[in-house]
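This report concerns only the one structure given below.
The values are calculated or read from the model by the stated rules, or taken from the named source; none is laboratory data. Just so you know, these numbers come straight off a predicted model, no measurement behind them. When we count neighbours, we look across all protein chains shown, and the Cβ atoms used for this are built from the backbone with ideal geometry, even at glycine. Side chains are part of the model used for accessible areas, which takes the heavy atoms of the whole protein and leaves out ligands, DNA and RNA. Shrake-Rupley method; radii C 1.70, N 1.55, O 1.52, S 1.80 Å.
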Amino acid sequence: MKLRLPQSLAARLALILLVGLVLAYGLSFSSQFYERYQTGRNVMLNNLSTDVSTAVALLDRLPAEERAGWLPLVERRNYRYLLDQPILGEPMDMKQPPAAALTIAQTVAKRFEPVFQTMPGSRPHFQVHMTLSDGKSLTLDVTPGAIPVAQWLPVVLILQLLVLLGCTWLAVHMAIRPLTRLAQAVDQLDPDAPSPSLDEKGPSEVVYAARAFNTLQSRIATFLKERMQLLAAISHDLQTPITRMKLRVEQMNGSQEKDKLWSDLSEMQHLVREGVAYARSMDSAAEPECRIDLDAFLDSLVCDYQDSGQAVSLNGSTAAVINTRPHALRRILTNLTDNALKFGGSAELTVQNTESGIQLQVLDHGPGIPEAELEQVLQPFYRVESSRNRETGGTGLGLAIAQQLSQALGGKLTLNNRIEGGLCVTVELPR
């Protein structure tokens, strides 16, 4: 089975650091625990050897009738002494004896010739049978116990693991935070609405990355500004020769070729004007903001269309007074309404309050836009195939200008086909 790593970089770093630290800590703890175990084992066996040799020597020298009184005094937690105890167990395999049995054998074997027996029972234990100097038997009953472990050791282990977890989280957080900030800044990078520069603070690598990003953002903004200035200059300069050409065409004798040339020049002039308008929309921030009554503003816009005999209606109200750039907002709604009238014959403008701000919608009953092209039509000079004709086709800049200005106002423009037919253009504006 193939091992799958977590998807996020933070989880991967945390996993690597945590596993590495836990392994390193485990090795360190195991070596210390083993050394402590060996030390405790050696101390216990040395104490056992000293205690058994002393107790057996004492009992051997005491008179037989006094030995029973001394047995409670030499008894310990894991072993005790018995007098005249019969041999009941099984002979112990001295090739692999317990450590306690081996220590006792080395302690008393020279004088008392011990016999080791493994005793049956719920708890494993063994007995050592010895013969004292006066011929009396002495039995040492031993119940081996585990080497005691300090009660505070598990608590320390848990605390150390918690410290490891905290340090791992802190290290990962400090390592990932600059990368997260950079990713968010890149995601929010919008040439039309420059975002604030990243703080050039922190470690040297973070400062270098932030400085590089700020430089990149500045270069992109400068490049786009120069491109728009070039587009505006070309479009503006083209108007003069187009005007001269139209004057010359007017002086021509009436013919079919004259009408065609006049139509082509008019289309070129319209395209140039739209190009200038698009270039200016890139710098819409130059228009100062002011407070307007949105309902009165929309009513005035719709009345202008209705006075010219256009089928434009307004539904809804907000009773809102907002800070905006009125000329930019009028250009947005004018472009959208003109498109609705061009392709649907009528336009319905609706307005309502939402949790995030104000929602404006321009609805029509036209053919709509293929779903695959809803995003592409917002690009400059893009037109759907059905509109590439002189009667209905435009320059392909109306929606692009509307989107550009919507973003400049801090809003969002989206396109959707209506279920009952036609197109719905939604502009969401902040309050």
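Within the range 202-223, residues that are at pLDDT below 80 reach partners that are loosely packed, with under 12 Cβ neighbours inside 10 Å with beta carbons closer than 9 Å, at six or more positions or on different chains, in the pairs Val207/Lys201; Ala210/Lys201.
Among the candidates Glu375, Glu385, the residue that is out of contact with any His (no Cβ under 6 Å at 6 or more places or on another chain), at pLDDT below 80, of a type in the set (Asp, Glu) and open to solvent by 20 Å² or more (accessible area, probe 1.4 Å) is uniquely Glu385.
Residues in the range 302-334 that are open to solvent by less than 30 Å² (accessible area, probe 1.4 Å), hydrophobic (A, V, I, L, M, F, W, C) and within 19 Å of Leu363 (Cβ to Cβ): Val302, Val312, Leu329, Ile332, Leu333.
Considering the range 22-44, the residues that are of a type outside the set (A, V, I, L, M, F, W, C) and in contact (Cβ under 8 Å) with a residue 12 or more places away in the chain include one that is least open to solvent (accessible area, probe 1.4 Å), namely Gly40. Condition (residue is assigned to a strand (DSSP E or B), open to solvent by 40 Å² or more (accessible area, probe 1.4 Å) and under 14 Å from Thr143 (Cα atoms)) applied to the range 74-81: is it met by at least one residue? So far as the range 74-81 goes, yes, one or more of its residues are assigned to a strand (DSSP E or B), open to solvent by 40 Å² or more (accessible area, probe 1.4 Å) and under 14 Å from Thr143 (Cα atoms).
Scanning the range 90-147 for residues that are in a loop (DSSP other than H, G, I, E, B) and of a type in the set (A, V, I, L, M, F, W, C), we see that the one that is least open to solvent (accessible area, probe 1.4 Å) is Leu132.
The set of residues in the range 60-84 being touching a residue at least 12 places away in the same chain (Cβ under 8 Å) and in contact with a helix residue (DSSP H, G or I) (Cβ under 9 Å, 6 or more places away or on another chain) consists of Asp60, Arg67, Trp70, Leu71, Val74, Arg76, Asn78, Tyr79, Arg80, Tyr81, Leu82, Leu83.
Among the residues of the range 166-201, the one identified as at pLDDT 80 or above and open to solvent by 90 Å² or more (accessible area, probe 1.4 Å) is Trp169.
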